Every structure is written in C-alpha cells, then in structure tokens.
Amino acid sequence: MDVEVIEAGAFAGGSAHSFVWNGHTCDWAAHRLFTRDEHILQLIQSLTPLRTLDRVSAVRLAGKWLKDPVDAVQLCGRFFPHNTFTVPWTYLTRPRHLPETSFRSYCLAKYGSRLEQFLFSPYTEKMFGIDADRISVEWARKKTRLSGPLDVIRQGSKTKFNYFYYPQKGAFGAIGDALLAPIEDFVKYNARATSIDLDPTGTRVLRVRYERDGQPGVLEADTYVSTLPLTTLCSMTGFESPLTYRSVAAVYVHLNKPRATPNHWIYCMDGKSMPVNRVCEVKNMWPGCGPEDTTVLCAEVTECHTAGFEEAAVRGMADAGIYCMEDVLDTTVVRRDFSYPVYCCDYEKDVDAALAHLSRFANLRSVGRAARHAGNERDDGALPCAAAAPGRGHGQCHPRRRRIPSRPGTIS
C-alpha cells in the first residue's frame, strides 16, 4: 500500500521515541515492554532484538524507602507507631457498603481510610491533578485489584510482571525506529494538521489540511488513520468533547557518577510535597546508552505548570538521597501535552459520545492512547500504534486482521 504520514513533531515515535543528550541515549520518561502474547513478542523481536530484564524498582513514601511491591510488615514497621495500628484498625472498621462512585469511595470501602489517605489517593491525585472524589472508580478497580489491604500492598504493581523486555541496543525508541525505517521517505515532519474537510453527506473525510514550515499543505487519501488526541480530532470534525488530558514534563539530570541507583525506576508515592511521580535510569536497562563515568536520570512531573518545577524536581531527588547536588552536571526538560488521559467520574460516557461521533466517518480510524483516551497497559491485548501510525508510537491499536484500502494517510 502507499502511505503518506504528516507528523507534527520533528521526529517520529511520539512519546515512545529516544534521543541523545550529553552523549546518552535517553527515553522520553519511563518505558518498558511486557506482553504474554507470543505473536506480539515475536513480531517486535523481528524488528529489533530484545533482552529480558528482572524488574528492580523501589517506592519513596513519606520520606522513607520501601520495597516495590510494598510489604505490609515493612509499611507498618517503617512508620511505627501510627500505621502499625491504624492500617489494620481502619481496614477492619472500613465502610464496606459505601457506594463505589469514585476512586476515593472505592478505596475507603475496600481498604479503609488510612491506606486511602496514606498510600492510594496522594499519588493518584498528583498524577491526574484533581481530587480523588472526582477520579473514576474504574481507575481504582484497574489499579487496586485485590480485596484485602495486606494482599494489595504485597501486590503493588510488581506481580503484574516480575520481568520485562527492552531493546538490546538503542533504548526503547529502537522499536519505533525499526517500524519507521521502511516508510521514512513518506513522512513529512513539522507538519501540523489544521483542519479536516468532509464530504457533503458528512460521512467521509475528503482531505486533511496542514501547515508545514509556514506553508499550507493538503493530504488526500482513501483511508485516514489518526493519532491526534480524541478531543482535537472531534473538534476538527464538528464535535466538542469535555474530555481533558494531563501534560507531563520529563526532567533530565546529567550526573557525574557511573550510576545513581540500582533501580530501573522509582515510584514517588508522596503527594504534592514531592513534585516527581516516577524516576527512571536508562543505563540500568541498557548499560551502553552513554559514557561509563556519567549517567542520566529522568523524572516525570505532572505538576509542571508552576514556576520553578524543574528546580523543585532536581532538588527533590537530591533530598531523597538519590544523588548529591554537587554531582549535577546539567539539566533539561522535555514536555509532552496529552500524556495522561484524565479519568474523571463517568468519563466513559464522554468517550463513548466522542467515539460515536467519529464512527460516522467510514474512512477515518482513530488509534493510540491519546486518540482513544485510553491509558492502556503494555499487555492490554494491543499492538504498538506505530505499526499503523509511525508518527505516534506510544499509543496502541487492536491487532484485528482486515483489509486496508490503498493509500492511507496518517495524521499525528
């Protein structure tokens, strides 16, 4: 088939790309590959060789280091005496019959007030930027899977996968680069979609208009595959959706030391007192990513619209003991909008309405995380969206076998 791609950025791969900074190949934020689907695994292996890594991660909570997954005994012991007694007491006296209408009410009913206030809600509120009473109960059901607090603490997230896959060479972006290679000559970079023309019946897309380097352009195709955010695509086709997204800033710190931590990533479970959500160190996943005597940390920050967030993130990691400020050689920030779909209560109704609107257009498909307003895990039965839309490799689309008309256009 003939393919033409318009990509708003200066590179392909979206949030799953890698780049070189101060001699180190860096991922944008934390990425790892995990799947139980052998077909998907072999497909990706055919693109780029993968290595299997045993997961090593840690949790930073209320100024203390904990194992990941958090152990119940360790949690109560490290925060003696308050949690030693309040965690089991509030679990036993939890309001079991509280209606599950939000993230907070679900956690209160399942785990009790102490675990809700101390462990679950602060991190989730920091991630989405809204109160736990406004966050969908579906997010709680997805992320807190067991019924008893001791079980769920032991579970953490590590039992979902004790190991993961990562490219042998080239960091995570090597997967997107391999997908891009056969069609790179057909990708127009720095080409931002500006409008979509529909046919008189309002059931097909005629063309996509874009602007590239200040000059107007037109993309005409038989089939259009879009990885634009769901709200953006809806607006361009005449429907305004109330759905929202959360921006993420990746704060990179270049350190004058061979390694900063033995962990692949660290979860910073405190609330807004610690601006960082997660920290990853690519060198622990690919030792050849840069010079042996220095390393780079990447910190994800969702509270990134306040003045001084970069300095606060750098200082916060130092205060946590990850490194000393005198080890810092350089810092930089790479920001991505539309990174996290925000799961407000009843957001599913808004997603259904948006997708119902887009379903009117017979030759338009919307794929990927932002395009479906779905923060899929790596093993949600989906292929990387880059397989269908190389301009946005971090999203996902379902691997259905079906005939695709000739000459599809991709909008990223």
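Tell me yes or no: at least one residue of the range 317-326 is touching a residue at least 12 places away in the same chain (Cβ under 8 Å), crowded, with 18+ Cβ neighbours inside 10 Å, over 20 Å from the mean Cα position of the chain (by Cα) and not in a loop (DSSP other than H, G, I, E, B). Yes. Number of residues in the range 55-78 that are surrounded by 15 or more Cβ atoms within 10 Å (Cβ to Cβ), over 29 Å from the mean Cα position of the chain (by Cα) and among the hydrophobic types (A, V, I, L, M, F, W, C): the value is 1. Does Ala171 satisfy the condition of being in contact with a strand residue (DSSP E or B) (Cβ under 7 Å, 6 or more places away or on another chain), surrounded by 15 or more Cβ atoms within 10 Å (Cβ to Cβ) and modelled with pLDDT under 95? Spelling it out, Ala171 is indeed in contact with a strand residue (DSSP E or B) (Cβ under 7 Å, 6 or more places away or on another chain), surrounded by 15 or more Cβ atoms within 10 Å (Cβ to Cβ) and modelled with pLDDT under 95. The set of residues from the range 38-53 being in a helix (DSSP H, G or I) and under 21 Å from the mean Cα position of the chain (by Cα) comprises Ile40, Leu41, Ile44. Here is a check on your reading of the model: is Gly271 open to solvent by less than 50 Å² (accessible area, probe 1.4 Å), in contact with a Lys or Arg (Cβ under 8 Å, 6 or more places away or on another chain) and more than 25 Å from Gln117 (Cα to Cα)? Answer is no for this residue. How many residues, within the range 74-127, are polar (S, T, N, Q) and not in a helix (DSSP H, G or I)? Selection size over the range 74-127: 3.
Test Thr90 against the stated conditions and say whether it is hydroxyl-bearing (Ser, Thr, Tyr), closer than 30 Å to Asp185 by Cα and touching a helix residue (DSSP H, G or I) at 6+ places or on another chain (Cβ under 7 Å). For Thr90, the condition - hydroxyl-bearing (Ser, Thr, Tyr), closer than 30 Å to Asp185 by Cα and touching a helix residue (DSSP H, G or I) at 6+ places or on another chain (Cβ under 7 Å) - is not met. Taking (1) surrounded by fewer than 14 Cβ atoms within 10 Å (Cβ to Cβ); (2) under 30 Å from Tyr224 (Cβ atoms); (3) of a type outside the set (S, T, N, Q); (4) at pLDDT below 90 in turn, Pro81 satisfies each apart from (2). Condition first: among the basic types (Lys, Arg) and without any contact (Cβ under 8 Å) to a residue 60 or more places away in the chain. Now tell me which residues in the range 188-215 satisfy that. Arg207, Arg209 - these are the residues of the range 188-215 that are among the basic types (Lys, Arg) and without any contact (Cβ under 8 Å) to a residue 60 or more places away in the chain. Taking into account only those residues within the range 128-147 that are surrounded by 21 or more Cβ atoms within 10 Å (Cβ to Cβ) and out of contact with any Asp or Glu (no Cβ under 9 Å at 6 or more places or on another chain), which is modelled with the highest pLDDT? Checked the range 128-147; the qualifying residue modelled with the highest pLDDT is Phe128. Of all residues in the range 355-375, exactly one satisfies the criterion of being open to solvent by less than 60 Å² (accessible area, probe 1.4 Å), of a type in the set (A, V, I, L, M), closer than 17 Å to Thr201 by Cβ and outside any helix (DSSP H, G or I), namely Leu364. Selection of the range 171-212 for residues being small (Gly, Ala, Ser), in contact with a helix residue (DSSP H, G or I) (Cβ under 9 Å, 6 or more places away or on another chain) and over 29 Å from Gly288 (Cα atoms) yields Ala193, Ser195.
Thr52 falls short on exactly one of the conditions (1) of a type outside the set (A, V, I, L, M); (2) open to solvent by less than 50 Å² (accessible area, probe 1.4 Å); (3) closer than 30 Å to Ala181 by Cβ, and that condition is (2). For Ser102, the conditions (1) over 17 Å from Tyr267 (Cβ atoms); (2) buried (at least 20 other Cβ atoms within 10 Å of the Cβ); (3) at pLDDT below 95 all hold with the exception of (3).
Taking the criterion of being closer than 19 Å to Phe338 by Cα, in a strand (DSSP E or B) and open to solvent by 50 Å² or more (accessible area, probe 1.4 Å), the residues of the range 190-224 that qualify are Arg192, Thr194.
Return the residue satisfying two criteria in turn: it lies in the range 340-379 and is in contact with a Pro (Cβ under 8 Å, 6 or more places away or on another chain) and aliphatic (A, V, I, L, M), and of such residues it is modelled with the lowest pLDDT. Here the residue is Ala374. Annotation note: Cβ proximity below 7 Å between a residue of the range 46-69 that is more than 15 Å from Met317 (Cα to Cα) and a residue that is assigned to a helix (DSSP H, G or I) and at pLDDT 90 or above (sequence gap 6+ or interchain) occurs for Leu47/Ile175; Leu47/Ala178; Leu47/Leu179; Thr48/Ala174; Thr48/Ile175; Thr48/Ala178; Leu50/Ile44.
All of (1) closer than 30 Å to Arg212 by Cα; (2) buried (at least 21 other Cβ atoms within 10 Å of the Cβ) hold for Ala30 with one exception: (1).
So, in the range 327-354, how many residues would count as being touching a residue at least 60 places away in the same chain (Cβ under 8 Å) and either assigned to a helix (DSSP H, G or I) or within 14 Å of Leu255 (Cβ to Cβ) (or both)?
Number of matching residues: 12.
Take the conditions open to solvent by 30 Å² or more (accessible area, probe 1.4 Å), under 25 Å from Arg336 (Cβ atoms) and in contact (Cβ under 8 Å) with a residue 12 or more places away in the chain and apply them to Trp21. Does it pass? Here the answer is yes, as Trp21 does meet what is asked.
The values are calculated or read from the model by the stated rules, or taken from the named source; none is laboratory data. Values in this document were obtained by computation on a predicted structure and should not be read as measured data. Reconstructed Cβ throughout: ideal geometry from the backbone, glycine too, with neighbour counts over all protein chains shown. SASA here: full protein model, heavy atoms, side chains in, ligands and nucleic acids out. Shrake-Rupley method; radii C 1.70, N 1.55, O 1.52, S 1.80 Å.
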